[in-house]
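Visitor: Take a look at the following structure, please.
The values are calculated or read from the model by the stated rules, or taken from the named source; none is laboratory data. Just so it is clear, the structure is predicted and the values come from calculations on it, not from any experiment. Don't worry about glycine lacking a Cβ; one is built from the backbone with ideal geometry, like all the others, and counts go over all protein chains shown.
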Amino acid sequence: MKKLHTKQGFTIIEVSLFLALSGFLMVGLMVGTNMSISRQRYNDSLNSFGEFLRGIYADVINVSNDEPLSENPGRTTTAIYGKYISIGEKDEEGVFDGTLHIYDVVGYAISSSSASTSRVIDALRSSNIDVNIFDTSDCTFASSCNNKFYRHVTYKIPWDASIENPDGTLFNGGILVVRSPITGGIRTYIYEGYAPSFNLALEDSSAAEDFRTILTGISNGSSGGERALNMCIDSPDNDNYNRRNVRLMARANNSTGIMLMPLDADDSACLGR
(Lines give C-alpha, C1' and ligand atoms only; values in the text may rest on other atoms or scores of the structure.)
Protein backbone atom coordinates (compact mmCIF):
# COMPACT_ATOMS: atom_id res chain seq x y z
CA MET A 1 0.00 0.00 0.00
CA LYS A 2 1.47 3.35 -1.07
CA LYS A 3 2.14 5.77 1.74
CA LEU A 4 0.66 9.22 1.51
CA HIS A 5 3.11 12.10 2.06
CA THR A 6 1.55 15.17 3.61
CA LYS A 7 3.16 18.63 3.36
CA GLN A 8 4.00 20.16 6.65
CA GLY A 9 3.99 23.95 7.12
CA PHE A 10 6.44 26.08 9.06
CA THR A 11 6.16 26.06 12.79
CA ILE A 12 5.47 29.24 14.72
CA ILE A 13 9.09 29.25 15.93
CA GLU A 14 10.43 29.01 12.38
CA VAL A 15 8.20 31.83 11.17
CA SER A 16 9.23 33.97 14.15
CA LEU A 17 12.92 33.36 13.43
CA PHE A 18 12.44 34.23 9.75
CA LEU A 19 10.67 37.49 10.57
CA ALA A 20 13.26 38.41 13.18
CA LEU A 21 16.17 37.79 10.79
CA SER A 22 14.41 39.73 8.05
CA GLY A 23 13.88 42.61 10.43
CA PHE A 24 17.53 42.64 11.46
CA LEU A 25 18.60 42.63 7.81
CA MET A 26 16.22 45.47 6.98
CA VAL A 27 17.44 47.56 9.91
CA GLY A 28 21.04 46.95 8.87
CA LEU A 29 20.30 48.03 5.30
CA MET A 30 18.52 51.17 6.50
CA VAL A 31 21.36 52.11 8.86
CA GLY A 32 23.94 51.51 6.14
CA THR A 33 21.92 53.58 3.66
CA ASN A 34 21.52 56.46 6.12
CA MET A 35 25.25 56.43 6.88
CA SER A 36 26.02 56.45 3.17
CA ILE A 37 23.72 59.43 2.61
CA SER A 38 25.29 61.28 5.53
CA ARG A 39 28.80 60.68 4.20
CA GLN A 40 27.75 61.86 0.75
CA ARG A 41 26.20 65.01 2.14
CA TYR A 42 29.30 65.75 4.19
CA ASN A 43 31.54 65.25 1.17
CA ASP A 44 29.21 67.47 -0.86
CA SER A 45 29.69 70.22 1.73
CA LEU A 46 33.45 69.90 1.56
CA ASN A 47 33.64 69.77 -2.24
CA SER A 48 31.22 72.69 -2.63
CA PHE A 49 33.33 74.86 -0.33
CA GLY A 50 36.48 73.90 -2.21
CA GLU A 51 34.88 74.84 -5.54
CA PHE A 52 33.67 78.11 -4.05
CA LEU A 53 37.22 79.06 -3.05
CA ARG A 54 38.56 78.07 -6.46
CA GLY A 55 35.91 80.27 -8.04
CA ILE A 56 37.13 83.25 -6.01
CA TYR A 57 40.60 82.89 -7.52
CA ALA A 58 39.12 82.54 -11.00
CA ASP A 59 37.14 85.77 -10.50
CA VAL A 60 40.18 87.69 -9.27
CA ILE A 61 42.42 86.43 -12.08
CA ASN A 62 39.78 87.02 -14.76
CA VAL A 63 38.43 90.33 -13.57
CA SER A 64 34.85 90.97 -14.67
CA ASN A 65 32.70 93.95 -13.94
CA ASP A 66 29.02 93.89 -14.78
CA GLU A 67 28.31 97.04 -12.84
CA PRO A 68 29.83 100.43 -13.77
CA LEU A 69 32.04 101.94 -11.10
CA SER A 70 31.23 105.46 -12.24
CA GLU A 71 28.63 107.40 -14.13
CA ASN A 72 30.97 107.42 -17.12
CA PRO A 73 31.79 103.78 -17.95
CA GLY A 74 35.11 103.51 -19.75
CA ARG A 75 36.43 106.62 -18.04
CA THR A 76 36.43 105.38 -14.47
CA THR A 77 39.44 106.04 -12.26
CA THR A 78 38.69 103.01 -10.08
CA ALA A 79 39.84 99.41 -10.41
CA ILE A 80 38.74 96.09 -8.95
CA TYR A 81 41.72 94.67 -7.08
CA GLY A 82 40.20 91.51 -5.67
CA LYS A 83 37.73 89.89 -3.29
CA TYR A 84 37.23 89.83 0.45
CA ILE A 85 35.47 86.80 1.96
CA SER A 86 33.96 87.78 5.29
CA ILE A 87 33.26 84.86 7.63
CA GLY A 88 31.22 85.32 10.80
CA GLU A 89 29.01 88.30 9.99
CA LYS A 90 25.81 88.30 12.03
CA ASP A 91 22.29 88.93 10.77
CA GLU A 92 19.71 91.45 11.99
CA GLU A 93 19.01 89.28 15.03
CA GLY A 94 22.67 89.12 15.98
CA VAL A 95 23.09 85.50 14.88
CA PHE A 96 25.64 83.99 12.51
CA ASP A 97 23.67 81.64 10.28
CA GLY A 98 26.62 80.30 8.30
CA THR A 99 26.34 82.80 5.44
CA LEU A 100 29.63 83.98 3.95
CA HIS A 101 29.70 87.47 2.44
CA ILE A 102 31.91 88.21 -0.56
CA TYR A 103 32.80 91.80 -1.45
CA ASP A 104 34.67 93.41 -4.31
CA VAL A 105 37.82 95.18 -3.17
CA VAL A 106 38.06 98.40 -5.17
CA GLY A 107 40.50 101.31 -5.20
CA TYR A 108 41.95 104.00 -7.42
CA ALA A 109 43.52 102.81 -10.67
CA ILE A 110 47.20 103.67 -10.92
CA SER A 111 50.17 102.67 -13.03
CA SER A 112 52.60 100.19 -11.48
CA SER A 113 55.27 102.87 -11.29
CA SER A 114 52.98 104.98 -9.09
CA ALA A 115 52.85 102.44 -6.27
CA SER A 116 54.22 103.96 -3.10
CA THR A 117 55.69 100.69 -1.82
CA SER A 118 56.63 97.29 -3.18
CA ARG A 119 54.75 95.49 -0.39
CA VAL A 120 51.37 94.60 -1.87
CA ILE A 121 49.14 95.01 1.19
CA ASP A 122 50.72 98.36 2.06
CA ALA A 123 50.47 99.57 -1.55
CA LEU A 124 46.75 98.79 -1.54
CA ARG A 125 46.32 100.66 1.74
CA SER A 126 48.24 103.73 0.57
CA SER A 127 46.37 106.96 -0.11
CA ASN A 128 46.91 106.79 -3.89
CA ILE A 129 45.02 103.46 -4.09
CA ASP A 130 43.01 103.37 -0.85
CA VAL A 131 41.14 100.08 -1.40
CA ASN A 132 37.85 99.38 0.34
CA ILE A 133 34.71 97.30 -0.06
CA PHE A 134 32.59 100.45 0.19
CA ASP A 135 32.02 103.30 -2.21
CA THR A 136 32.13 106.34 0.08
CA SER A 137 31.95 108.95 -2.67
CA ASP A 138 28.59 110.15 -1.36
CA CYS A 139 30.17 110.80 2.01
CA THR A 140 32.66 113.48 0.95
CA PHE A 141 30.52 116.53 1.60
CA ALA A 142 27.71 114.89 3.57
CA SER A 143 27.10 115.16 7.27
CA SER A 144 25.94 111.52 7.36
CA CYS A 145 27.58 108.78 5.32
CA ASN A 146 25.68 106.66 2.81
CA ASN A 147 27.94 103.73 2.00
CA LYS A 148 27.41 101.53 -1.04
CA PHE A 149 28.97 98.18 -1.90
CA TYR A 150 30.66 97.94 -5.25
CA ARG A 151 29.46 94.35 -5.45
CA HIS A 152 28.25 92.01 -2.74
CA VAL A 153 27.21 88.36 -3.03
CA THR A 154 26.65 85.60 -0.48
CA TYR A 155 27.43 81.91 -0.22
CA LYS A 156 26.41 79.24 2.26
CA ILE A 157 28.02 75.82 2.51
CA PRO A 158 25.41 73.13 1.74
CA TRP A 159 23.86 70.94 4.44
CA ASP A 160 24.43 73.48 7.23
CA ALA A 161 28.17 72.87 7.29
CA SER A 162 30.38 75.24 9.28
CA ILE A 163 34.00 76.39 9.17
CA GLU A 164 35.82 75.64 12.40
CA ASN A 165 39.26 76.17 13.84
CA PRO A 166 41.24 73.04 14.73
CA ASP A 167 40.12 73.42 18.37
CA GLY A 168 36.43 73.19 17.36
CA THR A 169 35.53 76.88 17.72
CA LEU A 170 33.91 78.69 14.81
CA PHE A 171 36.31 80.57 12.54
CA ASN A 172 35.80 84.33 12.53
CA GLY A 173 37.62 86.65 10.18
CA GLY A 174 38.17 86.76 6.47
CA ILE A 175 40.22 85.85 3.42
CA LEU A 176 41.57 88.61 1.19
CA VAL A 177 42.50 87.62 -2.37
CA VAL A 178 43.94 90.55 -4.32
CA ARG A 179 46.02 91.45 -7.35
CA SER A 180 49.27 93.30 -6.86
CA PRO A 181 49.05 96.81 -8.33
CA ILE A 182 52.74 96.46 -9.16
CA THR A 183 53.06 93.06 -10.84
CA GLY A 184 49.46 91.94 -11.30
CA GLY A 185 50.24 88.72 -9.40
CA ILE A 186 47.71 87.27 -6.94
CA ARG A 187 48.31 87.44 -3.21
CA THR A 188 46.30 85.87 -0.38
CA TYR A 189 46.01 87.28 3.14
CA ILE A 190 44.28 85.86 6.22
CA TYR A 191 42.45 87.92 8.82
CA GLU A 192 41.45 86.37 12.13
CA GLY A 193 39.35 88.29 14.59
CA TYR A 194 36.02 89.98 15.04
CA ALA A 195 34.02 90.04 11.79
CA PRO A 196 32.12 93.34 11.48
CA SER A 197 28.65 92.88 10.01
CA PHE A 198 29.33 94.86 6.85
CA ASN A 199 26.11 93.52 5.34
CA LEU A 200 24.17 95.62 7.86
CA ALA A 201 26.47 98.65 7.78
CA LEU A 202 25.35 100.66 4.75
CA GLU A 203 24.13 103.45 6.99
CA ASP A 204 27.08 103.21 9.37
CA SER A 205 29.64 105.91 8.73
CA SER A 206 32.36 103.88 10.46
CA ALA A 207 31.97 100.82 8.23
CA ALA A 208 34.60 101.90 5.69
CA GLU A 209 37.03 102.55 8.54
CA ASP A 210 36.28 99.10 9.99
CA PHE A 211 37.53 97.54 6.76
CA ARG A 212 40.66 99.72 6.85
CA THR A 213 41.24 98.42 10.39
CA ILE A 214 41.13 94.86 9.05
CA LEU A 215 43.72 95.77 6.40
CA THR A 216 45.93 97.30 9.08
CA GLY A 217 45.67 94.11 11.16
CA ILE A 218 46.67 92.05 8.14
CA SER A 219 49.53 94.40 7.32
CA ASN A 220 51.13 94.33 10.77
CA GLY A 221 50.65 90.58 11.07
CA SER A 222 48.80 90.74 14.39
CA SER A 223 45.68 89.14 12.90
CA GLY A 224 47.09 86.68 10.41
CA GLY A 225 48.74 87.87 7.22
CA GLU A 226 50.43 85.65 4.66
CA ARG A 227 50.23 82.23 6.23
CA ALA A 228 48.48 78.91 5.74
CA LEU A 229 44.92 78.54 7.01
CA ASN A 230 43.42 75.23 8.10
CA MET A 231 39.63 75.29 7.87
CA CYS A 232 37.96 72.30 9.50
CA ILE A 233 34.60 71.54 7.91
CA ASP A 234 31.92 70.11 10.17
CA SER A 235 28.21 69.51 9.69
CA PRO A 236 25.30 67.57 11.24
CA ASP A 237 26.04 64.87 8.63
CA ASN A 238 29.57 64.30 9.91
CA ASP A 239 29.18 61.18 12.03
CA ASN A 240 32.93 60.89 12.45
CA TYR A 241 34.82 62.42 15.36
CA ASN A 242 37.33 63.79 12.87
CA ARG A 243 36.65 66.61 10.42
CA ARG A 244 38.09 67.09 6.98
CA ASN A 245 40.49 69.92 6.41
CA VAL A 246 40.35 72.49 3.62
CA ARG A 247 43.83 73.96 3.65
CA LEU A 248 44.60 77.31 2.08
CA MET A 249 48.34 77.36 1.49
CA ALA A 250 50.44 80.34 2.52
CA ARG A 251 50.84 82.95 -0.23
CA ALA A 252 48.40 81.09 -2.50
CA ASN A 253 48.34 82.78 -5.91
CA ASN A 254 45.82 80.58 -7.71
CA SER A 255 43.35 77.76 -7.09
CA THR A 256 46.14 75.18 -6.70
CA GLY A 257 46.75 76.69 -3.28
CA ILE A 258 43.51 75.08 -2.06
CA MET A 259 43.90 71.52 -0.79
CA LEU A 260 41.10 69.19 0.33
CA MET A 261 42.96 67.02 2.80
CA PRO A 262 41.99 63.32 3.08
CA LEU A 263 40.24 62.41 6.32
CA ASP A 264 43.10 60.15 7.38
CA ALA A 265 45.91 62.54 6.38
CA ASP A 266 48.68 62.40 8.97
CA ASP A 267 49.28 66.15 8.73
CA SER A 268 45.60 67.16 8.91
CA ALA A 269 44.99 69.77 11.57
CA CYS A 270 41.37 68.69 11.99
CA LEU A 271 41.73 65.23 13.52
CA GLY A 272 39.79 65.20 16.77
CA ARG A 273 38.76 68.24 18.76
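Visitor: Given the structure, is F49 modelled with pLDDT of 95 or more and either surrounded by fewer than 10 Cβ atoms within 10 Å (Cβ to Cβ) or not polar (S, T, N, Q) (or both)?
Guide: When the stated conditions are applied, F49 passes them.
Visitor: Does region 210-244 hold any residues that are outside any loop (DSSP other than H, G, I, E, B), at pLDDT below 90 and within 18 Å of I87 (Cα to Cα), and which are they?
Guide: Answer for region 210-244, where residues must be outside any loop (DSSP other than H, G, I, E, B), at pLDDT below 90 and within 18 Å of I87 (Cα to Cα): G224, G225.
Visitor: D91 - would you say it is modelled with pLDDT of 90 or more and under 24 Å from N62 (Cα atoms)?
Guide: Answer is no for this residue.
Visitor: While we're on this one: Within the set of pairs 6 or more residues apart or between chains, which connect a residue that is in a loop (DSSP other than H, G, I, E, B) inside region 71-85 to a residue that is modelled with pLDDT of 80 or more with Cβ atoms less than 8 Å apart?
Guide: Pairs that qualify, where the first residue is in a loop (DSSP other than H, G, I, E, B) and the partner is modelled with pLDDT of 80 or more, are T76/A109; T77/Y108; T77/A109.
Visitor: Quickly run through region 53-70 and pick out the residues that are surrounded by fewer than 15 Cβ atoms within 10 Å (Cβ to Cβ) and modelled with pLDDT under 80.
Guide: S64, D66, E67, P68, S70
Visitor: Name the residue that is farthest from the chain's Cα centre (by Cα), counting only residues in region 104-125 that are of a type outside the set (A, V, I, L, M) and closer than 23 Å to V153 by Cβ.
Guide: Applying the filter and picking the extreme gives G107.
Visitor: When you check A207 against the structure, is it farther than 25 Å from I157 by Cα and either without any contact (Cβ under 8 Å) to a residue 60 or more places away in the chain or touching a strand residue (DSSP E or B) at 6+ places or on another chain (Cβ under 8 Å) (or both), yes or no?
Guide: yes
Visitor: In region 228-260, what residues are in contact with a helix residue (DSSP H, G or I) (Cβ under 9 Å, 6 or more places away or on another chain) and more than 27 Å from I218 (Cβ to Cβ)?
Guide: Residues satisfying the conditions are S235, P236, D237, N238, D239, N240.
Visitor: Six or more apart or on different chains, Cβ atoms under 9 Å: show the pairs whose first residue is in region 45-63 and of a type in the set (D, E, K, R) and whose second is in a helix (DSSP H, G or I) and crowded, with 17+ Cβ neighbours inside 10 Å.
Guide: none
Visitor: When residues of region 171-194 are filtered for being in contact with a Ser or Thr (Cβ under 7 Å, 6 or more places away or on another chain), among the aliphatic types (A, V, I, L, M) and over 15 Å from N132 (Cα atoms), how many remain?
Guide: Selection size over region 171-194: 1.
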